[in-house]
Amino acid sequence: MDYLNASYRYVDKFLPSIGDLNSDILSTNLLTVEGFDFLDISWFHFFHVWLFLFISSFIIISLSHIYYKTYTEDSEGLIKGKRVLIVIAHPDDECMFFGPTIVNLTKKNDVDVHLMCLSEGNYYGDGETRSRELLSSCQELGIPLSNIRLFSNGHLPDDPLVDWDAEIVASLISWHVEALSMDTLLTFDDHGVSGHRNHIAISRSVSALISENRLPPSCKCYALKSENIFFKYIGFLIVFLKRKHSNIYVSSHTDHITIKNAMSKHASQYVWFRKLFVTFSSYCYLNTLVCLQT
């Protein structure tokens, strides 16, 4: 209506200069023409928006049905090792980002999955609570409590504004790789998935370990590929776009429920936008891994 009123005021300003025309007739004609155009355009756009939403919903529902019916088998993926160490920065990284890889690996009887979390997530002072939540989440994902290493180190605070000391991170990782006889190491890539400085610090430390030959030759290193903005929030649709790639882990419908249950264990963090994240983030449906060694 503001748009129409503005149009009428604009025309009224010129009415005195139109002398011979009947202003009542002119006003009536303007209302009729303007009103007709406005309503006609509104219904025209409304119909096309409704049609677009209907077709989009139909396609998405159809694809979701195919996804739930088709992707039921375990992914072979890129990792062939039997002792896998996954290094994360904060409690909840394991299910928000690495869920598809973890659930596929833990279902294999001959693969032993370990997790290193380099901080207790104490940014808001609830590190103790988040530590307990991590243990519950890992159990849901199939990682035994005995395979979890959780660190509380003043040099490695949970803080998006702090760059962790690369040598401290590298030393912790290399020591555990050797002490636990790990043949596979997995962490973030150089974009850190979400761009978090703590994630990127781990990536840089692993890259340094590789370039300086500080890891056993038998240890293969992989990184979780950061998806671009187009792929990041398309949910299960990413499975249809990347299903033929050999370096992926796909979560089946059952796996995705497991990942959601694991995320719900982080009760202190499970606010509305993280619930949306688990539903729409492609990382909860598919992980693309990159080998860091040539």
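What to note about this one:
- Residue within the stretch 136-147 that is under 24 Å from the mean Cα position of the chain (by Cα), buried (at least 17 other Cβ atoms within 10 Å of the Cβ) and closer than 12 Å to LEU85 by Cβ present: yes
- Just one of the listed residues (LEU185, LEU209, LEU180) is crowded, with 20+ Cβ neighbours inside 10 Å and farther than 27 Å from HIS256 by Cβ, and it is LEU209.
- The stretch 212-229 - residue that is free of Cβ contacts under 8 Å to residues at least 12 places away in the same chain and farther than 20 Å from LYS275 by Cα and, of those, surrounded by the most Cβ atoms within 10 Å (Cβ to Cβ): GLU212
- Wholly enclosed strands (runs of 3 or more DSSP E) of the stretch 190-294 bearing at least 1 residues assigned by TED's automatic domain parsing to the domain that holds LEU134, touching a Pro at 6+ places or on another chain (Cβ under 7 Å) and closer than 17 Å to MET96 by Cβ: 248-250, 286-291
- Qualifying residue in the stretch 241-261 (condition: surrounded by fewer than 21 Cβ atoms within 10 Å (Cβ to Cβ), under 14 Å from the mean Cα position of the chain (by Cα) and over 23 Å from ASP190 (Cβ atoms)): yes
- Checking each residue in the stretch 154-177 for being of a type in the set (Gly, Ala, Ser) and assigned to a loop (DSSP other than H, G, I, E, B) picks out only GLY154.
The values are calculated or read from the model by the stated rules, or taken from the named source; none is laboratory data. Keep in mind the model is a prediction, meaning the values are calculated, not measured. Cβ sites come from the backbone with ideal geometry, for glycine too, and all protein chains shown count toward neighbours.
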